[in-house]
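Take a look at the structure below.
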Amino acid sequence: MQKPAASSPLVGVALVIGSCLSLPFGAAVAAQLFPVLGPWGVTSLRVAIAAVLLVVIVRPRPRKWTRPQWLAAVLFGVSLAAMNGFFYAAIDRIPLGPAVAIEFLGPLVLAAVLTRKVSDFTWVGVALLGMVVLGIDGLIGAEPLDPLGVVFILIAAGFWAMYIRMSARVGALIPGSSGLAMGLVVAAVLLIPVGIPAASTVAMDPQLLLLAAITAVLSSVIPYSFELAALRRLPQRVFGVLLSLEPAFATLAGWLILGQDATPLRLLAIALVIAASVGTTLGVRRDRRDGGPSGPFTAPIPLPD
């Protein structure tokens, strides 16, 4: 007999790792479009293409949705639009390494809020230390960070925490990937004002349109689908710490794709975040074996309904 999703934490871990692998490559492609389309233009095209692809594949039927389902999908779309837009606006001004480290304050703070055991809090602290080390590494020998870029990435961090909460809410209320598809539609509609100039530009250049489509698949369709499925298998606090693998994979992608060196501090940061991820995952399995609480709403924060 097939195990229920909630009893398969290793599948959830694999999905998060897949998301973390896909995102850096999508960011590398997106960066090539910034000089032509701007960060918000790239965000709009990426979200719009991802929305079209998922609507065609999933074929959602929202007409029968309840008010709580619609509200969850709309708030999910708001978080998607703002999180992605401010992240791209930030990395247009500050280096990717420090940006990812600063943005990670969002899910780390969420994980700390949701934790209920000393061991969980310890692993969150280890992951946070890894983010600090990664941020220091990104600043050593570099120019000072652009203040507006830092503000943008802090805003993105807040919306990232909102995205995690609303993704779990959508996953609990709306079956399958229909909630994700409609969330992307909402985000695409919100980004229309900044997307019109970018759309007119790519319409004249098929190569730009291809790069935008690749960005949408690698940075939206694959990671968001994987994360939505992972949140059905893992507690949100665990999901938040596991996402600490993302800057580690981003560092690896920077070395492979952009030729950035893996300095000792960067390697230390990778070791810290992996240790936090492994420790948290082992804790989940131990909780299940001992009959402890599990599921994406182990320690819920009140949400609007």
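The values are calculated or read from the model by the stated rules, or taken from the named source; none is laboratory data. Fair warning: this is a prediction, and the values are worked out from it, not measured in the lab. Cβ placement follows ideal geometry from the backbone for every residue including glycine, while neighbour counts extend to all protein chains displayed. Remember, those area values only see protein heavy atoms, side chains included, never the ligands or the DNA or RNA. Shrake-Rupley method; radii C 1.70, N 1.55, O 1.52, S 1.80 Å.
Which residue pairs have Cβ atoms under 6 Å apart, sit 6 or more places apart or on different chains, and have a first residue in the range 27-44 that is without any contact (Cβ under 8 Å) to a residue 24 or more places away in the chain and within 18 Å of A203 (Cβ to Cβ) and a second that is among the hydroxyl-bearing types (S, T, Y) and open to solvent by 20 Å² or more (accessible area, probe 1.4 Å)?
none
Mind counting the residues in the range 140-185 that are under 13 Å from F76 (Cβ atoms), open to solvent by 30 Å² or more (accessible area, probe 1.4 Å) and within 19 Å of the chain's Cα centre (by Cα)?
Summing the residues that are under 13 Å from F76 (Cβ atoms), open to solvent by 30 Å² or more (accessible area, probe 1.4 Å) and within 19 Å of the chain's Cα centre (by Cα) in the range 140-185 gives 6.
Tell me yes or no: at least one residue of the range 216-238 is farther than 22 Å from A27 by Cβ, part of a helix (DSSP H, G or I) and either among the small types (G, A, S) or open to solvent by 20 Å² or more (accessible area, probe 1.4 Å) (or both).
yes
Please indicate, with yes or no, whether at least one residue in the range 111-119 is open to solvent by less than 10 Å² (accessible area, probe 1.4 Å) and either in a helix (DSSP H, G or I) or on the phi < 0 side of the Ramachandran plot (or both).
yes
List pairs: first in the range 257-285 and within 13 Å of G97 (Cβ to Cβ) and surrounded by fewer than 22 Cβ atoms within 10 Å (Cβ to Cβ), second modelled with pLDDT under 75 and polar (S, T, N, Q), Cβ under 7 Å, 6+ apart or cross-chain?
A262/T251; I270/T251
For (1) open to solvent by 40 Å² or more (accessible area, probe 1.4 Å); (2) among the basic types (K, R), each residue gets a yes or a no:
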| residue | (1), (2) |
| --- | --- |
| A14 | yes, no |
| P24 | no, no |
| Q32 | yes, no |
| L37 | no, no |
| V42 | no, no |
| R46 | no, yes |
| W70 | yes, no |
| F76 | no, no |
| D92 | yes, no |
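Quick one: in the range 94-110, of everything that is of a type in the set (A, V, I, L, M) and open to solvent by less than 30 Å² (accessible area, probe 1.4 Å), which residue is nearest to V124 (Cα to Cα)?
The selected residue is L108.
Consider G125 against the criteria (1) more than 26 Å from W40 (Cβ to Cβ); (2) touching a helix residue (DSSP H, G or I) at 6+ places or on another chain (Cβ under 8 Å): it satisfies all of them except one. Which criterion is unmet?
Only one criterion in (1) more than 26 Å from W40 (Cβ to Cβ); (2) touching a helix residue (DSSP H, G or I) at 6+ places or on another chain (Cβ under 8 Å) is unmet by G125, namely (2).
Give me the pairs: first residue in the range 203-231 and of a type in the set (V, I, T), second residue modelled with pLDDT of 85 or more, beta-carbon distance under 6 Å, and six or more apart or on different chains, which are they?
Filtered contacts from the range 203-231: T215/R46; V221/A50; V221/L53; I222/S22.
Quick one: S294 ticks every box in (1) among the hydroxyl-bearing types (S, T, Y); (2) open to solvent by 30 Å² or more (accessible area, probe 1.4 Å); (3) modelled with pLDDT of 75 or more; (4) touching a Lys or Arg at 6+ places or on another chain (Cβ under 7 Å) bar one, so which box is it?
Against the list (1) among the hydroxyl-bearing types (S, T, Y); (2) open to solvent by 30 Å² or more (accessible area, probe 1.4 Å); (3) modelled with pLDDT of 75 or more; (4) touching a Lys or Arg at 6+ places or on another chain (Cβ under 7 Å), S294 comes up short only on (3).
Would you tally the residues in the range 198-210 being in a helix (DSSP H, G or I) and open to solvent by 80 Å² or more (accessible area, probe 1.4 Å)?
4
Suppose we filter the range 239-248 for residues that are open to solvent by 10 Å² or more (accessible area, probe 1.4 Å) and under 21 Å from T43 (Cβ atoms); how many remain?
So the count comes out to 1.
Which ones in the range 10-39 are over 19 Å from Y224 (Cα atoms) and not small (G, A, S)?
Within the range 10-39, Q32, L33, F34, P35, V36, L37, P39 qualify.
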